[in-house]
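What follows is a single structure, written as structure tokens, with notes after it.
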Amino acid sequence: MDSTTPLPGLSAPPPPGAHALSPGSYDGRLVLVTGGGTGLGRAVAAEFARLGASLLLVSRREEHLAPARAELAKVPGAGPVTSQLCDIRDADRIAEVFDAAVAAHGRLPDVLVNNAAANFPVPSEDMTPNGWRAVVDITLTGTFLMTREFGRRHLAEGTPGSVIAVGASYAWTGGPGFAHSAAAKAGVKSLVESLAVEWGPYGIQVNGLVPGLMPHEDMTADIRTGLDRAPDPDARQPALRVGAPRELGWAATFLASPYARFISGHTLVVDGANWQRRDLVNAPVTPVREQLDRGPFAP
Ligand SMILES: CCCCCCCCC/C=C/C(=O)SCCNC(=O)CCNC(=O)[C@H](O)C(C)(C)COP(=O)(O)OP(=O)(O)OC[C@H]1O[C@@H](n2cnc3c(N)ncnc32)[C@H](O)[C@@H]1OP(=O)(O)O
Ligand SMILES: NC(=O)C1=CN([C@@H]2O[C@H](COP(=O)(O)OP(=O)(O)OC[C@H]3O[C@@H](n4cnc5c(N)ncnc54)[C@H](OP(=O)(O)O)[C@@H]3O)[C@@H](O)[C@H]2O)C=CC1
């Protein structure tokens, strides 16, 4: 290969609609996806549906849930799709959601995908106490409250289950400009490791799942603007391409399948090795304020 031959990078994913697991692998199973009305949550829900799962989508806004319900119900092979409005910071409402799951689907969710999260870029010196609390309460405490209810219900029934918590790679590295979200995701990773041990004896598997850069149309304006500052995102990844949301869905359906039952307490990163990237000599440091175009600090 000479220097003029383009490098291949990691190969493109199979087309939408393809799947690795056998058709009907999730027939008769109920999968609860928080934040399942948008973005990556919706893509993960679609892959479970394609394999026969019934779905329960949970989030705060009907305008996110209604279109997703309609679209996911049309996925070939999908079981019934329902949704519940719920702010995952509200433990009482979460209990009602599980009651509604049993009423609508006749069973507890077999799989819980904790995908809902909150995030916005902000230099830490500008972050308000309430801004910190909103992100940590949704991302970490919300994940705990959902998982706690799932675990309690299954322990009471004596039934098995599988939990997947969507994380971010800055759980390991820190996330300058996203200190609240990075701290919360580090907490999520730790929670996965604690609960996998606590609940393994009862047949409940708990794993983390970390997406790399997987652009989608629901990304928040703040995050989209940040990404738009760096053109050609493919060239910035070791894979020489960004990820497709369905690649996260395929990983999720594997992790909750019988073939991955002995994997627990693990956090799987689906990012083409982007988070491992290091240069021998790094680019010059640009302060977060400058990266975010915030101007001088004005207390
Ligand atoms: C860059 C490179 C890309 C690189 C990209 C790297 C991405 C890394 C991986 C992670 C990705 C993700 O998590 S993506 C997931 C992103 N998705 C979301 O966040 C969707 C949900 N978001 C939301 O609902 C809201 O934005 C959020 C505020 C976070 C939560 O809603 P609430 O209703 O609870 O909160 P509110 O009452 O509106 O606000 C609570 C406080 O937060 C403050 N606040 C709200 N939005 C704010 C904002 N944009 N900037 C500053 N502060 C903000 C408010 O002023 C309040 O503080 P006071 O004024 O003091 O009261
Ligand atoms: N996109 C990416 O490249 C990356 C994403 N991630 C992670 O992937 C996951 C999905 O992200 P993405 O799809 O991009 O983000 P989105 O903004 O599209 O999705 C966030 C979802 O969470 C729901 N949500 C937010 N707050 C609450 C709440 N309090 N209660 C219930 N639901 C809530 C929202 O629905 P509603 O507003 O209706 O409540 C929305 O559906 C997150 O965990 C994120 O941290 C990690 C690394 C990279």
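The values are calculated or read from the model by the stated rules, or taken from the named source; none is laboratory data. Because the structure is a prediction, the values reported are computed rather than measured. Neighbour counts are summed over all protein chains in view; Cβ atoms, including those assigned to glycine, are modelled from backbone coordinates with ideal geometry. Accessible surface is based on the protein model in full, side chains and every heavy atom, while ligands, DNA and RNA are left aside. Shrake-Rupley method; radii C 1.70, N 1.55, O 1.52, S 1.80 Å.
When the residues of segment 126-137 are narrowed to those that are near ligand 1 (Cβ under 7 Å from one of its atoms), part of a helix (DSSP H, G or I) and open to solvent by 20 Å² or more (accessible area, probe 1.4 Å), which ends up farthest from Ile88 (Cα to Cα)?
Pro129
Evaluate the following for Val97: is it in contact with a Lys or Arg (Cβ under 6 Å, 6 or more places away or on another chain) and either of a type in the set (A, V, I, L, M) or open to solvent by less than 30 Å² (accessible area, probe 1.4 Å) (or both)? Quick ask: steps written out before the conclusion?
On the way: in contact with a Lys or Arg (Cβ under 6 Å, 6 or more places away or on another chain): no; either of a type in the set (A, V, I, L, M) or open to solvent by less than 30 Å² (accessible area, probe 1.4 Å) (or both): yes.
In short, no.
State whether one or more residues within segment 86-99 are modelled with pLDDT of 95 or more and away from ligand 2 (no atom under 16 Å from the Cβ).
Yes, that holds for at least one residue.
For segment 200-299, list the helices (runs of 4 or more DSSP H) that sit wholly inside it and hold at least 2 residues that are without any contact (Cβ under 8 Å) to a residue 40 or more places away in the chain and open to solvent by 40 Å² or more (accessible area, probe 1.4 Å); which are they?
Answer list for segment 200-299: 221-228.
In segment 146-170, what residues are open to solvent by 10 Å² or more (accessible area, probe 1.4 Å), more than 13 Å from the chain's Cα centre (by Cα) and within 10 Å of ligand 2 (Cβ to nearest atom)?
Residue satisfying the conditions is Tyr170 alone.
What single numbered condition from (1) hydroxyl-bearing (Ser, Thr, Tyr); (2) crowded, with 23+ Cβ neighbours inside 10 Å; (3) outside any strand (DSSP E or B) fails to hold for Ser83?
Only one criterion is unmet by Ser83, namely (3).
Evaluate segment 107-116: report whether one residue or more is in a helix (DSSP H, G or I) and among the hydrophobic types (A, V, I, L, M, F, W, C).
The answer is no; no qualifying residue exists.
Do we find that Thr141 is away from ligand 1 (no atom under 16 Å from the Cβ), open to solvent by 10 Å² or more (accessible area, probe 1.4 Å) and either part of a helix (DSSP H, G or I) or not aromatic (Phe, Trp, Tyr) (or both) in this structure?
no
Restricting attention to segment 169-199, report how many residues are touching a helix residue (DSSP H, G or I) at 6+ places or on another chain (Cβ under 6 Å), part of a helix (DSSP H, G or I), within 13 Å of ligand 1 (Cβ to nearest atom) and among the small types (Gly, Ala, Ser).
The qualifying residues number 6.
Does at least one position in segment 67-80 carry a residue that is open to solvent by less than 30 Å² (accessible area, probe 1.4 Å), in a helix (DSSP H, G or I) and not charged (D, E, K, R)?
yes
Considering only residues that are without any contact (Cβ under 8 Å) to a residue 40 or more places away in the chain and surrounded by fewer than 18 Cβ atoms within 10 Å (Cβ to Cβ), which ones fall in segment 176-197?
Ser190, Ser194
Out of the residues in segment 21-60 that are among the polar types (S, T, N, Q), assigned to a strand (DSSP E or B) and within 16 Å of ligand 1 (Cβ to nearest atom), state the one that is nearest to Gly249 (Cα to Cα).
Checked segment 21-60; the qualifying residue nearest to Gly249 (Cα to Cα) is Thr34.
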